[in-house]
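The block underneath contains the structure these notes are about, expressed in structure tokens.
The values are calculated or read from the model by the stated rules, or taken from the named source; none is laboratory data. In this text the structure is predicted, and so the values were computed from the model without any measurement. Cβ coordinates were reconstructed from backbone atoms using ideal geometry, including for glycine residues, and neighbour counts include every protein chain displayed.
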Amino acid sequence: MMPRRCIAALTLAATVAGCRQGTPVEQAGTLPAAGGSASDAALASEPGTGDLLATWVAGDSASTQLFFSRSSDRGASWSAPVRITSDAHDVAPTGEASPRIVAAGRGRIAVAWPRPIPVPGRQWPASSIRVARSHDGGRTWSAPVTVNDDTASAPGGHNFHGAAWVGDSGIMVAWLDERHGDSAVMARASLTAAEPTSEPDAVVYTAFSPDFGVSWEPNRPVWGAACPCCRVTLARMNDGGALAAWRQHYPGNIRDVVIAPVAAVRSEPVRVHRDDWVFPGCPHAGPAVAIGADGSRHVVWYTGRTGGAGMYYARIDSAGRTGDALTLVTGDHIAPSHAAAVALGDGGALAAYDAASDGSRLIGLARIGRDGRIVWKTTVPGSAGGRYPQLAQAADGTVLLAWTGDTAGVSAIRLARIPATRLN
């Protein structure tokens with residue numbers, strides 16, 4: 001158990017300086033850049049083994065590829081990188097829309113990402129959602145397939161996605177889509193359609209594979225009036241279903257974070273917190289969500305509301321009761337920022353975010369207890385300029401942190417560990 005004097009120092013000073021145990025963060029090197037830059041990391045913990053799995057995008061202007069590796073020793077060492085893609089243009093660094101890993105155990109792993117499709121006359125490229133899968137623990141990978149089923153029409157936007165393992169052998173992918181949905185989905189969108197915005201709203205679409213990517217059911221439009229560039233996040237629920245989190249466009253140009261289960265019967269999204277942030281566009285900052293063994297839901301998000309811009313956390317218990325929103329970092333100059341979360345065994349969580357109170361990019365960590373209170377906060381040494389943090393927990397409770405950082409103008413995936421003893 002951490003001494004009370006250290007907890008106080010961590011909470012009040014947002015640092016671990018002066019505590020006998022030292023910093024809770026151990027530097028753990030980088031992932032290979034394949035002769036160029038590396039970015040867009042994703043992490044997962046493999047069910048059954050507890051191994052840590054990583055994907056990342058690496059390469060140069062001539063060719064950018066998606067890579068996979070695993071670690072059986074809490075991120076201290078990694079297997080030789082395996083290339084998932086072969087086409088030089090199948091993947092590109094995209095930050096908010098970076099690839100996501102689905103780990104289902106028994107050697108089954110899938111990765112989902114958006115393929116950019118340049119289209120003359122479009123401000124931004126069109127895109128398609130691609131999925132590749134492995135049944136041997138990541139040693140070999142299937143050829144990527146496109147899972148959005150409107151490929152016969154003109155290229156459109158399918159982007160800012162999440163992915164999760166569902167049931168025993170299912171994969172669920174959700175993304176922000178430019179297509180119109182059915183009448184029930186678009187009824188909500190009609191409430192915001194007349195508002196002046198810099199970008200039109202999107203519809204949250206899903207695709208489901210019951211056999212781990214061998215076949216895919218028809219795409220389904222689920223929710224309308226979604227903020228069009230804030231990632232949809234999916235998390236596996238304890239009953240094997242999937243929980244979605246995204247940023248909803250409410251009347252009055254309010255852009256607040258919501259959650260809802262992905263189910264056969266469409267459910268109304270529940271606002272995590274009434275930030276009432278008025279913004280006539282999309283901030284490219286989706287929420288993070290993690291689900292604990294006790295059914296608790298841990299949500300971390302950015303809001304830019306006047307007088308309260310920053311990163312926030314809320315815990316929703318298994319009965320659906322939401323605790324108070326905790327301020328992780330706030331400041332007048334904090335731009336849209338990005339979060340990651342991992343649920344811990346005691347019912348609490350660890351949150352990571354790429355924001356500092358002065359508006360700079362810096363990777364911060366916050367340990368939240370089961371009671372919804374902040375146990376400690378710290379910033380990661382050497383993470384100045386860092387962005388897009390990711391978290392995953394190894395079998396022994398150690399949490400691995402990854403983020404994109406720059407050195408002399410070249411991006412790299414940097415790693416750090418938070419030992420289980422510092423999370424107790």
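For segment 76-107, which positions are hydrophobic (A, V, I, L, M, F, W, C), surrounded by fewer than 23 Cβ atoms within 10 Å (Cβ to Cβ) and not in a strand (DSSP E or B)?
76, 78, 80, 88, 92
In this structure, is residue 167 of a type outside the set (Ser, Thr, Tyr) and surrounded by 18 or more Cβ atoms within 10 Å (Cβ to Cβ)?
Considered against the rule, which asks whether it is of a type outside the set (Ser, Thr, Tyr) and surrounded by 18 or more Cβ atoms within 10 Å (Cβ to Cβ), residue 167 comes out as no.
Could you check segment 193-210 and list, in sequence order, the residues that are touching a residue at least 60 places away in the same chain (Cβ under 8 Å) and either outside any strand (DSSP E or B) or of a type in the set (Asp, Glu) (or both)?
195, 196, 197, 198, 199 - these are the residues of segment 193-210 that are touching a residue at least 60 places away in the same chain (Cβ under 8 Å) and either outside any strand (DSSP E or B) or of a type in the set (Asp, Glu) (or both).
Per-residue answers, yes or no, for (1) in contact with a Cys (Cβ under 7 Å, 6 or more places away or on another chain); (2) free of Cβ contacts under 8 Å to residues at least 40 places away in the same chain; (3) surrounded by fewer than 23 Cβ atoms within 10 Å (Cβ to Cβ); (4) not hydroxyl-bearing (Ser, Thr, Tyr):
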site: 109; (1), (2), (3), (4): no, no, no, yes
site: 119; (1), (2), (3), (4): no, yes, yes, yes
site: 138; (1), (2), (3), (4): no, no, no, yes
site: 142; (1), (2), (3), (4): no, no, yes, no
site: 151; (1), (2), (3), (4): no, yes, yes, no
site: 159; (1), (2), (3), (4): no, no, no, yes
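Please go through (1) surrounded by 21 or more Cβ atoms within 10 Å (Cβ to Cβ); (2) closer than 22 Å to residue 26 by Cβ; (3) touching a Phe, Trp or Tyr at 6+ places or on another chain (Cβ under 9 Å) for residue 343 and return the number of the only condition it doesn't satisfy.
So the condition that residue 343 fails would be (3).
I need the full set of residues from segment 121-136 which are touching a residue at least 12 places away in the same chain (Cβ under 8 Å), assigned to a loop (DSSP other than H, G, I, E, B) and either of a type in the set (D, E, K, R) or surrounded by 23 or more Cβ atoms within 10 Å (Cβ to Cβ) (or both), in order please.
136
Being of a type in the set (Gly, Ala, Ser), surrounded by fewer than 24 Cβ atoms within 10 Å (Cβ to Cβ) and not in a strand (DSSP E or B) is the filter here, so list the residues in segment 298-340 that pass it.
304, 307, 308, 309, 318, 319, 320, 323, 325, 331, 335
Conditions first: (1) at pLDDT 95 or above; (2) out of contact with any strand residue (DSSP E or B) (no Cβ under 6 Å at 6 or more places or on another chain); (3) of a type outside the set (Phe, Trp, Tyr); (4) on the phi < 0 side of the Ramachandran plot. Residue 111 passes all but one, so which condition is the exception?
(2) is the only condition that residue 111 fails.
Can you tell me which residue among 308, 292, 286 is of a type in the set (Gly, Ala, Ser) and either closer than 30 Å to residue 421 by Cβ or modelled with pLDDT under 95 (or both)?
Exactly one residue qualifies, and that residue is 292.
State whether the residues of segment 161-176 include one that is over 30 Å from residue 141 (Cα atoms) and at pLDDT 90 or above.
No, every residue in segment 161-176 fails to be over 30 Å from residue 141 (Cα atoms) and at pLDDT 90 or above.
Out of (1) surrounded by fewer than 20 Cβ atoms within 10 Å (Cβ to Cβ); (2) within 23 Å of the chain's Cα centre (by Cα); (3) over 27 Å from residue 126 (Cα atoms); (4) not aliphatic (A, V, I, L, M), the odd one out for residue 281 is which?
Here residue 281 clears every test but (3).
Hey, among 266, 274, which residue is among the charged types (D, E, K, R) and within 18 Å of residue 227 (Cα to Cα)?
274
Checking the conditions here, which among 174, 189 is closer than 22 Å to residue 283 by Cα, crowded, with 18+ Cβ neighbours inside 10 Å and more than 24 Å from the chain's Cα centre (by Cα)?
Of 174, 189, the one residue that is closer than 22 Å to residue 283 by Cα, crowded, with 18+ Cβ neighbours inside 10 Å and more than 24 Å from the chain's Cα centre (by Cα) is 189.
If I filter segment 249-269 down to residues being free of Cβ contacts under 8 Å to residues at least 24 places away in the same chain and either within 17 Å of residue 188 (Cα to Cα) or among the acidic types (Asp, Glu) (or both), which single residue comes out as surrounded by the most Cβ atoms within 10 Å (Cβ to Cβ)?
Filtering first and then ranking leaves 258.
Test residue 242 against the stated conditions and say whether it is at pLDDT 95 or above, in contact with a His (Cβ under 6 Å, 6 or more places away or on another chain), within 24 Å of residue 388 (Cα to Cα) and aliphatic (A, V, I, L, M).
no
For every residue, the table says whether it meets (1) hydroxyl-bearing (Ser, Thr, Tyr); (2) in contact with a Leu (Cβ under 6 Å, 6 or more places away or on another chain).
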site	(1), (2)
215	yes, no
234	no, no
240	no, no
243	no, no
261	no, yes
266	no, no
